[in-house]
């Protein structure tokens, strides 16, 4: 399992200054096909049974769909979110974007990439890119907690996919 707590470099134009965008990326190898990982990852109804980070997700993995989800980190933090699905490329990529109620303060683009590695194995790359005025405050404040939560979800997904009973 690999983790990257990183900052993406973006240049606005050839003559402008470089801007740093906080981002988080984790990775795990899974002994399964991309189709099987995709099937479990996009079966939101089953999330309460196995997912420690997204304890509830209602909605469909369809571009434009507004999801109703609950982020759970630790025993006491439960945060309802309503992100919009912005990219679905089965069985390789799923992205959604959410933000605080006041636009421009904080946003996150959450992503899952499933990359085949041959012999029925894949790498799951799971991360988020942060935006808005408070992006650095958030990233510096809870980045490590978020990375830990992403890793716990990755491990739970791996167990679910590689297990013999992945049905709801």
Exercise. Within the range 132-151, restricting attention to residues that are under 18 Å from residue 55 (Cβ atoms) and surrounded by fewer than 17 Cβ atoms within 10 Å (Cβ to Cβ), which residue is nearest to the chain's Cα centre (by Cα)?
Worked result: 148
Exercise. So which residues in the range 49-66 are more than 16 Å from the chain's Cα centre (by Cα) and within 15 Å of residue 159 (Cα to Cα)?
Worked result: 49
Exercise. So is residue 157 outside any loop (DSSP other than H, G, I, E, B), surrounded by fewer than 19 Cβ atoms within 10 Å (Cβ to Cβ) and either within 17 Å of the chain's Cα centre (by Cα) or at pLDDT 90 or above (or both) or not?
Worked result: no
Problem set entry | Subset of the range 58-84 (residues that are modelled with pLDDT of 95 or more, in contact with a helix residue (DSSP H, G or I) (Cβ under 9 Å, 6 or more places away or on another chain), surrounded by fewer than 16 Cβ atoms within 10 Å (Cβ to Cβ) and part of a strand (DSSP E or B)) | 58
Exercise. Could you list, in sequence order, the residues of the range 85-115 that are surrounded by 15 or more Cβ atoms within 10 Å (Cβ to Cβ) and more than 18 Å from the chain's Cα centre (by Cα)?
Worked result: 105
For this session: Report yes if some residue within the range 103-120 is within 24 Å of residue 30 (Cα to Cα), in a helix (DSSP H, G or I) and either touching a strand residue (DSSP E or B) at 6+ places or on another chain (Cβ under 9 Å) or in contact (Cβ under 8 Å) with a residue 40 or more places away in the chain (or both); otherwise report no.
Result: no
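The values are calculated or read from the model by the stated rules, or taken from the named source; none is laboratory data. These numbers come from a predicted model, not from an experiment. All Cβ positions, glycine included, derive from the backbone under ideal geometry; neighbour counts span all protein chains shown.
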